[in-house]
1. Place a +1 charge on the Cβ of each Lys and Arg in the stretch A:100-140 and a -1 charge on the Cβ of each Asp and Glu, then give the dipole magnitude about the Cα centre in debye, rounded to the nearest 20.
2. Hey, can you list the residues from the stretch A:101-116 whose accessible area shrinks by 30 Å² or more with all protein chains present, relative to the chain by itself (probe 1.4 Å, no ligands or nucleic acids)?
3. Charges at C-beta only: +1 for Lys and Arg, -1 for Asp and Glu. How large is the resulting dipole of the stretch B:35-162 about its Cα centre, in Debye rounded to 20?
4. Probe radius 1.4 Å, ligands and nucleic acids left out: can you give me the accessible area buried at the A-B interface, summed over both chains, in Å² to the nearest hundred?
5. Sort out for me the Cα centre separation of the stretch B:67-92 from the stretch A:91-140, rounded to whole Å.
6. Add +1 for every Lys or Arg and -1 for every Asp or Glu among the other residues with Cβ under 13 Å from the Cβ of B:Tyr37, and state the total.
7. Kindly identify residues of the stretch B:138-167 having a loss of at least 40 Å² in accessible area between the isolated chain and the assembly of all protein chains, probe radius 1.4 Å.
8. Using the Karplus curve 6.51 cos²θ - 1.76 cosθ + 1.60 with θ = phi - 60°, what ³J(HN,Hα) values do you get for each residue of the stretch B:45-55, in whole Hz, with x for Gly and Pro?
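The values are calculated or read from the model by the stated rules, or taken from the named source; none is laboratory data. Remember, it's a predicted structure, so these values are computed and weren't measured experimentally. Cβ: placed from backbone, ideal geometry, glycine included. Neighbour counts: every protein chain shown. To get the accessible areas, we keep the full protein, side chains included, count just its heavy atoms, and leave off ligands, DNA and RNA. Shrake-Rupley method; radii C 1.70, N 1.55, O 1.52, S 1.80 Å.
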Amino acid sequence: MRQKLTLTLLAAGLALAMSGASSAGPREDQLATYASAAKSANPTFTRFAVERGKTLHTQAFASGKADTPACTTCHGKEPRAAGRTPAGKAIEPMALSASPNRYTDPAKVEKWFKRNCNEVLGRDCSAQEKGDWLSFMLTQ
Amino acid sequence: MKITTKIPTRPLVLGLLVLGFSAIVLGRAQAGGGHFYSPVADPVVKEECGSCHLAFAPSMLPASSWKRMMGELKNHFGDDASVDAATAKQITDYLVANAADTGGRRFSEKLLRGVSVASAPQRITELPKWVSEHRKVPDWEWRHKDVRTKANCVACHADAARGYYDE
C-alpha cells in the first residue's frame, strides 16, 4: 500500500515538474473533491474501493450505446496496454504506471468522465464511481 | 519496389496489426499520384479533434461545414464532442481560416469539385471526389477489423497524420 502511494506521488511530482503547474497533487485534489461529493450524496460513504473501480471499468452495461457496452470497449481489457476508439484512433494506456502524465488536468478528466459515462452507462457517473475508477487506475 | 522502402519510415504509433494491413492496401494508395493536405498544427485542435479519430485536415471541408459542425458538437455523429465556448471559438477560427475554400485552398481544389459549399457537407467521406477516389476499394477492406469505418484514414494511409494520402 505504501509503495503504491509512493509511486502515485512520485508520478504526480514528475508530471508537475514537467507541466510546471503550481498546485500540489492535482490527482489527490480531484479525489478529495470526489470524496466530499460522495459523502454528501451518501453519509455512509467511507472510502473509494479499487475493486469497485475495476468492476466499473470491465462491466458490460446495457443502458448506454450498443456498440460501446463497457469502458474496456475502447480502453481495452488490460489497463497497462493501449486501447482504440471505434474510429480507429489509438488511446494511450489508462493505468498511471503506464501513462505517468495522466489525470493531472481535472477539467480533462471531468470532460471524459462525462462523455464516456454517457456512452457506456447512458448517464453521468456518480462522484463515488469516478473516485473508485480513478483509484483503480492510479494503483495499476 | 517503392513500398519496401516506405515501411520502415512509417510512424510507430500505428501498431503492428495496422501496419500489416496497410502494407496490402498502400500499394494501391501509392499508385494514385501526389496528394498532400496540410495537417492540423494547432495543439488545441489536435487535442480536442484528434482524440477520437485522426484530426482531419481543415482543408478537406469548406468553411461552412466547419461552422455548422462546431455549432452541433453536442451531437457529433452520435457522440458528445462539446467543448467550452472559448475553446470552441478558438477551434472554429482555426478550421475556418484553413478550410478548403479559404487558407487551405491550394490543397483542396480537386476534393471540392462538385461540392456545393452552401450545403455545408459534414463528411469528408461523402464528398463526390472522395467517393470516386475510393470506388475501387473492395468491401472486405472496409469491413476489415483494422479499418471498420471509412473515417479511419490512418488504417490505409499510414502517413495521414502528417498530411500524406499517397506515399
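1. That gives the stretch A:100-140 a dipole magnitude of about 140 debye.
2. Residues passing the criterion (a loss of at least 30 Å², heavy atoms only) are A:Lys111, A:Trp112, A:Arg115.
3. About 480 debye.
4. 1300 Å²
5. If you average the Cα positions of each part, the centres end up 22 Å apart.
6. +1
7. Output list: B:Arg148, B:Asn152.
8. 3J(HN,Hα) across the stretch B:45-55, in whole Hz: 5, 4, 5, 7, 10, x, 9, 8, 8, 3, 5.
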